[in-house]
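The structure under discussion appears below in the form of structure tokens.
What follows is calculated from the coordinates using simple rules that are stated; it is not laboratory data. Model, not experiment: these values are computed from the prediction. Note that each Cβ is placed from the backbone with ideal geometry, even for glycine, and that neighbours are counted across all protein chains shown.
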Amino acid sequence: MSEVMVLPAVAALLISLAATALAMAGGVLDFPNERSSHDRPTPRAGGLGVVAGLGAGALIAAFQGFPASGVAPLLAAALAFAGLGLADDLLGLGSLAKFAMIAVLSVLVAQAVGPVDRIALTLETGVALPAALALAGSALFVFVVVNATNFMDGSNGMLAAVMIPAGAALGVAGLVAGAGAATLAGLVLAAAMAGFIPFNAPRAQVFAGDAGSLAAGAVYAAGALAMAGQGFSGSLWLAPLFVLAFIGDVLLTLLKRAAGGRFSLSAHREHAYQMLLRAGWSHPQVAVLYGVATIGFAAGGLVAAQGPDGAVPAAFGVSVLVWIGIYAWIHQVARRRGVDQ
């Protein structure tokens, strides 16, 4: 299986690299506003390069004989969410309409990949879930990951810094679990993001836009569902663990804003990474922090997956506590620089 993945990953890297370079020449410009982390108009069509890389990798895998049942849902997820993102980039969809469309697509992706209908407790035992609950839970996972990826794509290099190690970890976990779709999704995603990052960091020449961030989140979520559906002990915990830096920032910020009476679906500048930028950190420094955290969480999860039953949930719990500590530390750093929220 690992040898079969080499050509799709190489294709994803090269096509993403070439297509992103072309995307820089045109497309919609992202003009700075009061919530922006950039200070000059920048093309935001780079996500089309990422999607081209994802598509190329998936098609090469199909030509190599990879089962269509594994390729089709990943390709459909990438194209559907990229289409929604492109519509938002071009037309500026409202928040409610965008969330509603993401919710519908999340259900469709969960159904196409296959809902996680069993929570494995050990290699031999597990808890079966009713079909409706399995679909709802799987769709919710897709919805959360896609939105978190979209929300967190607001700093140069951030999207790639997290999705490259997260995708690579998903690919490795898929190999261990025998989940081909997870391996394909993870490695092709990591490769496509690697082709994009030279144009997005350290100084952004192009942004991924909603087309790129939504597609990246959807492919990761679809691959993670495929892995979790294999039912090995701990697989359900690895899926969110690899993207904990994104999910953790978003959920903790939602709780913070709700507690402060500021809960809203509209864009804001209160994510932890935005507070660091407002406190004077550079874009590369912020991306490195989130990337290193992701590498640490992913490595811990992969090591735990080789251990006894219960090791992965324990690693997940420890990682959550670590992230809460990082989140609190970021707020302390920001407050010392006069950034309160």
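Here are the numbers for the structure shown:
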{"read-out": "Separation of the L255 and A132 label points, Cα + 7 Å toward Cβ, nm", "value": "3.0"}
{"read-out": "CD proxy at 222 nm, helix term only [per DSSP H run n ≥ 4: -39500 (n - 2.57); per residue of the chain; nearest 500]", "value": "-23500 deg cm²/dmol"}
{"read-out": "In nm, spacing of pseudo-spin labels at V320 and V303 (7 Å Cα→C-beta vector)", "value": "2.1"}
{"read-out": "Dipole magnitude of the chain about its Cα centre (Cβ charges: Lys, Arg +1; Asp, Glu -1), debye to nearest 20", "value": "780"}
{"read-out": "Pair M24, R118: separation of 7 Å Cα→Cβ label points (nm)", "value": "4.9"}
{"read-out": "GNM top mover of Q306, Q274, Q111 - the chain, alpha-carbon springs below 10 Å", "value": "Q306"}
